[in-house]
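Only one structure is covered here, and it is reproduced in the block below.
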Amino acid sequence: QVRLVESGGGFVQAGESLTLSCVSSGASLTQHNMAWFRQAPGKEREFVAAISMSGFLDYSDSVRGRFTISKDNAKRTMSLLMNSLKTEDTAVYYCNADPSRVFTRNGGPYWGQGTQVTVSS
């Protein structure tokens, strides 16, 4: 059974930084592609960033250059460092795990419960 638990969300001012973490139990990070998605109020869930089993990185255009995704395979932990936060980054952020060997932005079947990030101006 795969369980993903996010942490690190909070309330920050625009321009500040925040780091999200996702701890996996039951899903090896060397056997799953991992990703972050987010969902703002009234909007659909959208892709943010992903890191493949082998460490290949992918970012959405809206966060590239500001966010950094990383993982620690031994600790089964994935992180998202978010710098220069903007009000439009306000959303619930979800951790995702995909056992498929095809690295895509679609996400896999395993989701965390989400963590709220609120950026004020």
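Selection of region 67-82 for residues being farther than 21 Å from residue 41 by Cβ and touching a strand residue (DSSP E or B) at 6+ places or on another chain (Cβ under 7 Å) yields 68, 69, 70, 71, 76, 77, 78, 79, 81. Against the definition (out of contact with any strand residue (DSSP E or B) (no Cβ under 7 Å at 6 or more places or on another chain), closer than 24 Å to residue 2 by Cβ and open to solvent by less than 60 Å² (accessible area, probe 1.4 Å)), how does residue 104 come out, yes or no? It is true that residue 104 is out of contact with any strand residue (DSSP E or B) (no Cβ under 7 Å at 6 or more places or on another chain), closer than 24 Å to residue 2 by Cβ and open to solvent by less than 60 Å² (accessible area, probe 1.4 Å). Keeping to region 40-60, report how many residues are part of a strand (DSSP E or B), in contact with a Phe, Trp or Tyr (Cβ under 7 Å, 6 or more places away or on another chain) and either within 14 Å of residue 88 (Cα to Cα) or open to solvent by 20 Å² or more (accessible area, probe 1.4 Å) (or both). So the count comes out to 4. Which condition from (1) at pLDDT 95 or above; (2) within 17 Å of residue 74 (Cα to Cα); (3) not polar (S, T, N, Q) is the one that residue 15 breaks? For residue 15, the exception is condition (2).
Being open to solvent by less than 30 Å² (accessible area, probe 1.4 Å), β-branched (Val, Ile, Thr) and in a strand (DSSP E or B) is true for just one of 5, 23, 12, 63. Which residue is that?
Values: 5 fails: open to solvent by less than 30 Å² (accessible area, probe 1.4 Å); 23 fails: open to solvent by less than 30 Å² (accessible area, probe 1.4 Å); 63 fails: in a strand (DSSP E or B).
One residue alone meets the criteria, 12.
Taking first residues from region 1-24 that are charged (D, E, K, R) and partners that are outside any strand (DSSP E or B), the Cβ contacts under 6 Å between residues at least 6 apart in sequence or on separate chains come to 3/26; 6/112; 16/85.
Quick check on region 31-38. Is at least one of its residues surrounded by fewer than 14 Cβ atoms within 10 Å (Cβ to Cβ) and more than 15 Å from residue 116 (Cα to Cα)?
In the first step, residues of region 31-38 are kept if they are surrounded by fewer than 14 Cβ atoms within 10 Å (Cβ to Cβ); the result is 31.
From what's left, more than 15 Å from residue 116 (Cα to Cα): 31.
Yes, that holds for at least one residue.
Being in a loop (DSSP other than H, G, I, E, B) and open to solvent by 10 Å² or more (accessible area, probe 1.4 Å) is the filter here, so list the residues in region 83-97 that pass it. Matches in region 83-97: 83, 84, 86, 90. Output yes when any residue across region 69-82 is within 27 Å of residue 121 (Cα to Cα) and either open to solvent by 60 Å² or more (accessible area, probe 1.4 Å) or more than 15 Å from the chain's Cα centre (by Cα) (or both), and no when none is. Yes. Number of residues in region 50-102 that are closer than 30 Å to residue 15 by Cβ, of a type in the set (Lys, Arg) and free of Cβ contacts under 8 Å to residues at least 60 places away in the same chain: the value is 4.
The values are calculated or read from the model by the stated rules, or taken from the named source; none is laboratory data. Since the structure is predicted, the reported quantities are computational estimates derived from the model, not experimental observations. Note that we place each Cβ from the backbone using ideal geometry, even for glycine, and neighbour counts take in every protein chain shown. Remember, those area values only see protein heavy atoms, side chains included, never the ligands or the DNA or RNA. Shrake-Rupley method; radii C 1.70, N 1.55, O 1.52, S 1.80 Å.
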